[in-house]
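Trainee: Below you will find the structure I want to go over with you.
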Amino acid sequence: MNHRVISLKYRPQDFDELTGQSHVVLSLKGAIKSGRIGHAFLFAGPRGVGKTTAARIFAKSLNCIEGPTVHPCQKCQSCREIAFSRSIDVVEIDGASNRGIDEIRNLREAVQYSPLYCKYKVYIIDEVHMLTNEAFNALLKTLEEPPPSVVFVFATTNPVKIPQTILSRCERFIFKRLSVKEISARLKSIAQKEGVSITEKALHYTAVRADGSVRDGESILEQLISFVEGTITEEDVFKLIGFLSGSFYSDLLEKIVLKRDADVLVALNQGIEDGADPVEIYRGLVDYLRAALLVHSGMPGEFLDLGDEDICKVKKMSLDRHEIMRMLEVLLNAEDSIKRSMNTRIALELVFFQLLTVLEGPPAKQNGGNPGNIKEAILRVLQVQIPKLAALIQGSAVTADGAYVCISVKDDFAKSTLMSNQGVLQTILKKLLNRDVSIRVVVANEKKANNLEETIRALFDGEEVR
Ligand SMILES: Nc1ncnc2c1ncn2[C@@H]1O[C@H](COP(=O)(O)OP(=O)(O)O)[C@@H](O)[C@H]1O
Ligand SMILES: [Mg+2]
Ligand SMILES: [Zn+2]
């Protein structure tokens, strides 16, 4: 077997070999065909999705002896030199290590000279967002008056860090992360070319783990090839990347739903013993719940990073949409503390306790605007804690409206009793509604007390109590 790294060996050499970026390819081809080549192009997108690759193909297209052409010949001197990064006229610069003013000044000088062998001088600046402000200013001057036959391709994973003045002078191309399907199809064809046997599930989980990046997928495949003898299976993938299968998450969720606290913690710790990183488990569970939420909303399977088996399991699970949303909320709120914690295992265990508690009892927020519900909710608490107040509330109308909860009572006695207990009431309401509220107590006309419209009008005339 040839020992050249897979990601280099299989670097696409023609636009048509680039997977999943058809929109970008289409417009680049359009620009080449029209012959109107701009001076600055921005390739933005996550790592490992083909930005550098596309920049080189573009450079070949411009400089091929048959060019400009959308299918560079791959044989002429420029095509070959560019493919091996040896061309004098196609320069790749790493923005992260050449971020200062001096480097850009040198660049400004160099661009003044015409290309030696090629039609175009192409500067590919990778991670361009890393340049310093001074460097950007110097670069801007070049972009304002670009020498003829110079083309800049800026690649970046973080376009928001690039000054607007630079952005506005670029033709922008957005590279997208690739789907699990796209990555696993590409890995499958590479495995075939390498004569390696790998199961569909192993391809699937490798692609999931690649998280949108073809390069990451290829480097996992490369490691699998070097350490597995015979057919590569999903078990090999899990072993290599300490990654847990979908069934780990579905089992875990099942246990959470059934509130089997001890089992949840055992499963969690077993996962960690099996080599999974707690942060990894956290991420996996978030992904799984997200998928579960989408399955519940009727999203078709091909948009989910879940296998068919897992989709079936999610559908069967007795979880409703609100429960999933509450769990996701707990998880997302804990993101910082898990990622920053010195002891991620404990941080994660804590989150699992929260998940177990969040599924208990009705969701507090849902009692919000409905007057019937809120009255009943207060009553339930008061009947246990302060029965005397409960009797008063029983005979009143209670409405919640944004920051106010209005209690419309029968007489002055009721009003003064409630007002002298407003502290307690506020505490109870805060717990029920999950927010701070002010309480208004008004005396309503007895006859009209049950008429909502009249009650509200009375409330607006009433006094506010804080
Ligand atoms: N869209 C894609 N189609 C096919 N292979 C890709 C794609 N994106 C990345 N690759 C693979 O990953 C390697 C690195 O890609 P690269 O273009 O350097 O990514 P980026 O510059 O976006 O980080 C390539 O050599 C190729 O093997
Ligand atoms: Mg790159
Ligand atoms: Zn050529």
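Trainee: From the list 67, 95, pick out the single residue that is farther than 26 Å from residue 212 by Cα and among the small types (Gly, Ala, Ser).
Mentor: On the way: 95 fails: farther than 26 Å from residue 212 by Cα.
Only one candidate passes the filter, namely 67.
Trainee: Evaluate the following for residue 102: is it closer than 29 Å to residue 187 by Cα, in the same structural domain as residue 144 (by TED's automatic domain parsing), away from ligand 2 (no atom under 16 Å from the Cβ) and surrounded by fewer than 21 Cβ atoms within 10 Å (Cβ to Cβ)?
Mentor: Details: closer than 29 Å to residue 187 by Cα: no; in the same structural domain as residue 144 (by TED's automatic domain parsing): yes; away from ligand 2 (no atom under 16 Å from the Cβ): yes; surrounded by fewer than 21 Cβ atoms within 10 Å (Cβ to Cβ): yes.
Considered against the rule, which asks whether it is closer than 29 Å to residue 187 by Cα, in the same structural domain as residue 144 (by TED's automatic domain parsing), away from ligand 2 (no atom under 16 Å from the Cβ) and surrounded by fewer than 21 Cβ atoms within 10 Å (Cβ to Cβ), residue 102 comes out as no.
Trainee: Scan 80, 11, 47, 4 and give me the residue that is under 25 Å from residue 194 (Cβ atoms) and within 13 Å of ligand 3 (Cβ to nearest atom).
Mentor: Working: 11 fails: within 13 Å of ligand 3 (Cβ to nearest atom); 47 fails: within 13 Å of ligand 3 (Cβ to nearest atom); 4 fails: within 13 Å of ligand 3 (Cβ to nearest atom).
Checking each option against the conditions leaves just 80.
Trainee: How many of the residues making up segment 381-409 are surrounded by fewer than 16 Cβ atoms within 10 Å (Cβ to Cβ) and within 13 Å of residue 444 (Cβ to Cβ)?
Mentor: Taking segment 381-409 as the starting set, the residues that turn out to be surrounded by fewer than 16 Cβ atoms within 10 Å (Cβ to Cβ) are 383-385, 387-388, 391, 394-395, 401-404.
Those still in the list that are within 13 Å of residue 444 (Cβ to Cβ) too: 395.
Of the residues in that region, 1 qualify.
Trainee: I've got another one for you. List the number of the failed condition for residue 221; all other conditions in (1) closer than 23 Å to residue 37 by Cβ; (2) modelled with pLDDT of 95 or more hold.
Mentor: (1)
Trainee: Select from segment 69-86 the residues that are part of a helix (DSSP H, G or I) and within 16 Å of ligand 1 (Cβ to nearest atom) and write down the one among them that is surrounded by the most Cβ atoms within 10 Å (Cβ to Cβ). Show your work before the answer.
Mentor: Our first condition is that a residue be part of a helix (DSSP H, G or I); within segment 69-86, this holds for 77-83.
In the following step, the residues that additionally are within 16 Å of ligand 1 (Cβ to nearest atom) were identified as 82-83.
Working: 82: 29, 83: 17.
The qualifying residue surrounded by the most Cβ atoms within 10 Å (Cβ to Cβ) is 82.
Trainee: May I ask you to verify whether residue 112 is in the same structural domain as residue 160 (by TED's automatic domain parsing), on the phi > 0 side of the Ramachandran plot and not in a helix (DSSP H, G or I)?
Mentor: On the way: in the same structural domain as residue 160 (by TED's automatic domain parsing): yes; on the phi > 0 side of the Ramachandran plot: no; not in a helix (DSSP H, G or I): yes.
In short, no.
Trainee: What number of residues within segment 252-268 are surrounded by fewer than 18 Cβ atoms within 10 Å (Cβ to Cβ), in contact (Cβ under 8 Å) with a residue 12 or more places away in the chain and of a type outside the set (A, V, I, L, M)?
Mentor: 2
Trainee: Out of (1) outside any loop (DSSP other than H, G, I, E, B); (2) within 16 Å of ligand 1 (Cβ to nearest atom); (3) at pLDDT 95 or above, the odd one out for residue 49 is which?
Mentor: (1)
The values are calculated or read from the model by the stated rules, or taken from the named source; none is laboratory data. Owing to the predicted nature of the structure, the values given are computational and were not obtained by experimental measurement. Positions of Cβ are generated from backbone atoms using ideal geometry, with glycine treated the same way; all protein chains shown enter the neighbour counts.
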